[in-house]
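A short write-up of the structure that comes next.
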Amino acid sequence: EVSTDTPKSGGGFYNQNQNVGKAEIFGVEFQSDLQILKSLSLFANYTFSTGRYFDLPPTVTASPSVQSGERIPNIAPHHLNAGTTWYPFKDFSLHLRMNYVHARDTVSGNPTRSVPGYVLLHANIRWENVGWPGLYLQFTVRNLFNELVFDPGIRTADGGYYPTQHPIEGRNLWLTLGYKF
(Lines give C-alpha, C1' and ligand atoms only; values in the text may rest on other atoms or scores of the structure.)
Protein backbone atom coordinates (compact mmCIF):
# COMPACT_ATOMS: atom_id res chain seq x y z
CA GLU A 1 0.00 0.00 0.00
CA VAL A 2 1.04 3.56 -0.61
CA SER A 3 -0.25 6.38 1.57
CA THR A 4 -1.48 9.49 -0.23
CA ASP A 5 -2.27 12.68 1.65
CA THR A 6 -5.36 14.68 0.76
CA PRO A 7 -5.95 18.07 2.43
CA LYS A 8 -8.94 18.33 4.80
CA SER A 9 -11.18 21.38 4.46
CA GLY A 10 -10.54 22.36 8.09
CA GLY A 11 -6.76 21.82 7.92
CA GLY A 12 -4.65 18.69 8.25
CA PHE A 13 -4.79 15.73 5.88
CA TYR A 14 -6.75 12.60 5.18
CA ASN A 15 -4.55 9.56 4.65
CA GLN A 16 -5.62 7.04 2.08
CA ASN A 17 -3.84 3.73 1.61
CA GLN A 18 -3.95 2.49 -1.97
CA ASN A 19 -2.84 -0.73 -3.61
CA VAL A 20 0.57 -0.64 -5.24
CA GLY A 21 1.83 -2.63 -8.19
CA LYS A 22 0.13 -5.83 -9.22
CA ALA A 23 -0.47 -9.15 -7.55
CA GLU A 24 -0.97 -12.75 -8.61
CA ILE A 25 -2.56 -15.38 -6.40
CA PHE A 26 -2.43 -19.08 -7.25
CA GLY A 27 -4.10 -21.94 -5.47
CA VAL A 28 -5.30 -25.49 -5.65
CA GLU A 29 -7.94 -27.32 -3.64
CA PHE A 30 -8.63 -31.01 -3.08
CA GLN A 31 -11.87 -32.36 -1.67
CA SER A 32 -13.05 -35.82 -0.68
CA ASP A 33 -16.37 -37.12 0.64
CA LEU A 34 -16.59 -40.70 1.78
CA GLN A 35 -19.72 -42.59 2.80
CA ILE A 36 -18.35 -45.24 5.20
CA LEU A 37 -21.71 -46.70 6.24
CA LYS A 38 -25.27 -45.66 5.48
CA SER A 39 -25.20 -43.76 8.79
CA LEU A 40 -21.58 -42.49 8.76
CA SER A 41 -19.78 -40.14 6.38
CA LEU A 42 -16.38 -38.44 6.37
CA PHE A 43 -15.16 -35.41 4.49
CA ALA A 44 -11.88 -33.56 4.07
CA ASN A 45 -10.61 -30.71 1.95
CA TYR A 46 -7.26 -29.01 1.62
CA THR A 47 -6.39 -25.67 0.02
CA PHE A 48 -2.96 -24.37 -0.91
CA SER A 49 -2.68 -20.67 -1.80
CA THR A 50 0.26 -18.46 -2.59
CA GLY A 51 0.57 -15.00 -4.01
CA ARG A 52 3.26 -12.55 -5.04
CA TYR A 53 3.65 -8.88 -5.80
CA PHE A 54 5.17 -7.68 -9.06
CA ASP A 55 5.56 -4.44 -10.98
CA LEU A 56 5.91 -2.41 -7.78
CA PRO A 57 6.43 1.27 -8.66
CA PRO A 58 9.85 2.83 -7.99
CA THR A 59 8.27 5.02 -5.28
CA VAL A 60 7.84 1.89 -3.14
CA THR A 61 11.23 1.44 -1.51
CA ALA A 62 10.41 -1.86 0.20
CA SER A 63 7.98 -4.69 -0.44
CA PRO A 64 4.79 -4.71 1.67
CA SER A 65 5.81 -8.26 2.66
CA VAL A 66 7.59 -8.71 5.97
CA GLN A 67 9.70 -11.82 5.78
CA SER A 68 9.08 -13.49 2.46
CA GLY A 69 10.30 -11.01 -0.15
CA GLU A 70 7.53 -10.61 -2.69
CA ARG A 71 5.06 -13.05 -1.10
CA ILE A 72 1.70 -11.45 -0.34
CA PRO A 73 1.15 -11.21 3.44
CA ASN A 74 -1.99 -12.22 5.36
CA ILE A 75 -2.70 -15.20 3.07
CA ALA A 76 -2.49 -18.56 4.83
CA PRO A 77 -0.75 -20.98 2.47
CA HIS A 78 -2.47 -24.04 3.95
CA HIS A 79 -6.07 -24.64 5.01
CA LEU A 80 -7.41 -28.04 6.04
CA ASN A 81 -10.96 -28.99 7.00
CA ALA A 82 -12.10 -32.44 8.00
CA GLY A 83 -15.09 -33.90 9.74
CA THR A 84 -17.62 -36.62 10.18
CA THR A 85 -21.40 -36.90 10.33
CA TRP A 86 -23.13 -39.80 12.08
CA TYR A 87 -26.83 -40.61 12.01
CA PRO A 88 -27.50 -42.79 15.08
CA PHE A 89 -31.25 -42.59 14.22
CA LYS A 90 -33.21 -41.54 11.16
CA ASP A 91 -33.52 -37.71 11.11
CA PHE A 92 -30.99 -37.25 13.95
CA SER A 93 -27.35 -36.40 13.22
CA LEU A 94 -24.16 -35.65 15.12
CA HIS A 95 -21.49 -33.69 13.25
CA LEU A 96 -17.90 -32.86 14.27
CA ARG A 97 -15.62 -30.65 12.16
CA MET A 98 -12.00 -29.49 12.45
CA ASN A 99 -10.56 -26.39 10.71
CA TYR A 100 -6.81 -25.76 10.43
CA VAL A 101 -5.33 -22.46 9.22
CA HIS A 102 -1.55 -22.17 8.75
CA ALA A 103 0.51 -19.31 10.25
CA ARG A 104 0.59 -16.08 8.23
CA ASP A 105 3.11 -13.29 7.81
CA THR A 106 1.65 -9.80 8.16
CA VAL A 107 2.26 -6.59 6.20
CA SER A 108 5.60 -4.88 6.78
CA GLY A 109 4.05 -1.99 8.73
CA ASN A 110 2.39 -4.31 11.25
CA PRO A 111 4.38 -4.59 14.50
CA THR A 112 3.08 -8.15 14.88
CA ARG A 113 5.28 -9.82 12.25
CA SER A 114 3.27 -13.03 11.98
CA VAL A 115 0.13 -14.61 13.33
CA PRO A 116 0.34 -18.25 14.48
CA GLY A 117 -1.70 -20.97 12.84
CA TYR A 118 -4.58 -22.59 14.67
CA VAL A 119 -6.98 -25.52 14.86
CA LEU A 120 -10.63 -25.07 15.82
CA LEU A 121 -13.26 -27.74 16.47
CA HIS A 122 -16.99 -27.32 15.90
CA ALA A 123 -19.93 -29.60 16.75
CA ASN A 124 -23.53 -29.81 15.60
CA ILE A 125 -26.55 -31.84 16.67
CA ARG A 126 -29.57 -31.77 14.35
CA TRP A 127 -33.01 -33.32 14.67
CA GLU A 128 -35.19 -33.17 11.59
CA ASN A 129 -38.98 -33.54 11.36
CA VAL A 130 -39.49 -32.62 15.01
CA GLY A 131 -43.22 -33.25 15.46
CA TRP A 132 -43.94 -31.90 11.96
CA PRO A 133 -42.47 -32.69 8.53
CA GLY A 134 -39.82 -30.06 7.66
CA LEU A 135 -39.49 -28.69 11.20
CA TYR A 136 -35.98 -29.06 12.62
CA LEU A 137 -34.09 -28.30 15.81
CA GLN A 138 -30.35 -27.73 15.68
CA PHE A 139 -27.70 -27.03 18.33
CA THR A 140 -24.28 -25.82 17.13
CA VAL A 141 -21.12 -25.12 19.10
CA ARG A 142 -18.43 -23.18 17.24
CA ASN A 143 -14.90 -23.10 18.67
CA LEU A 144 -15.78 -26.00 20.92
CA PHE A 145 -12.74 -25.66 23.23
CA ASN A 146 -12.86 -21.83 23.34
CA GLU A 147 -9.39 -21.42 21.79
CA LEU A 148 -7.89 -17.91 21.71
CA VAL A 149 -6.66 -17.55 18.11
CA PHE A 150 -6.12 -14.62 15.75
CA ASP A 151 -6.36 -13.46 12.17
CA PRO A 152 -3.97 -10.78 10.89
CA GLY A 153 -5.17 -7.19 11.20
CA ILE A 154 -5.95 -5.41 7.95
CA ARG A 155 -5.50 -1.63 7.72
CA THR A 156 -8.52 0.41 6.66
CA ALA A 157 -8.25 2.41 3.44
CA ASP A 158 -8.45 5.77 5.22
CA GLY A 159 -5.49 4.90 7.47
CA GLY A 160 -7.55 5.69 10.57
CA TYR A 161 -7.65 2.20 12.04
CA TYR A 162 -4.74 -0.22 12.12
CA PRO A 163 -5.30 -3.37 14.14
CA THR A 164 -2.32 -5.68 14.45
CA GLN A 165 -4.45 -8.81 14.77
CA HIS A 166 -8.12 -9.71 15.23
CA PRO A 167 -9.24 -12.32 17.77
CA ILE A 168 -11.48 -14.97 16.28
CA GLU A 169 -14.67 -15.32 18.25
CA GLY A 170 -14.53 -17.67 21.20
CA ARG A 171 -16.92 -20.49 21.90
CA ASN A 172 -20.40 -19.61 20.81
CA LEU A 173 -23.61 -21.57 20.92
CA TRP A 174 -26.46 -21.50 18.43
CA LEU A 175 -29.89 -23.02 19.00
CA THR A 176 -32.01 -22.98 15.87
CA LEU A 177 -35.62 -23.91 15.33
CA GLY A 178 -36.34 -23.86 11.63
CA TYR A 179 -38.56 -25.09 8.87
CA LYS A 180 -37.47 -26.48 5.51
CA PHE A 181 -39.92 -25.66 2.73
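Using 0.36 nm per residue, how much length does the chain from D151 to F30 gain when fully extended, once their Cα-Cα distance is taken away?
Values: separation 121, 0.36 × 121 = 43.56 nm, distance 2.34 nm.
Value of the extension gain: 41.2 nm.
Remark: region 108-122, residue by residue, has Karplus-estimated 3J(HN,Hα) of 4, x, 8, x, 8, 5, 7, 10, x, x, 7, 10, 10, 10, 9 Hz, where x stands for each Gly or Pro and the curve is 6.51 cos²θ - 1.76 cosθ + 1.60 at θ = phi - 60°.
Computed 3J(HN,Hα) for region 90-96, one whole-Hz value per residue from the Karplus formula 6.51 cos²θ - 1.76 cosθ + 1.60 where θ = phi - 60°, is 4, 6, 10, 10, 10, 10, 10, glycine and proline marked x. Panel values: region 67-136, Kirkwood radius from alpha carbon pairs, Stokes-Einstein at 20 °C and 1.002 mPa s, translational diffusion coefficient 141 µm²/s. The length gained on full extension between W132 and L80, counted as 0.36 nm times the residue separation minus their Cα-Cα distance, comes to 15.0 nm. The mean accessible area for residues of region 86-144, using a 1.4 Å probe and ignoring ligands and nucleic acids, is 54 Å² per residue.
The values are calculated or read from the model by the stated rules, or taken from the named source; none is laboratory data. What you are looking at is a predicted structure, and each value in this text was computed from that prediction instead of being measured. All accessible areas refer to the heavy atoms of the entire protein, side chains included, with ligands and DNA or RNA removed. Shrake-Rupley method; radii C 1.70, N 1.55, O 1.52, S 1.80 Å.
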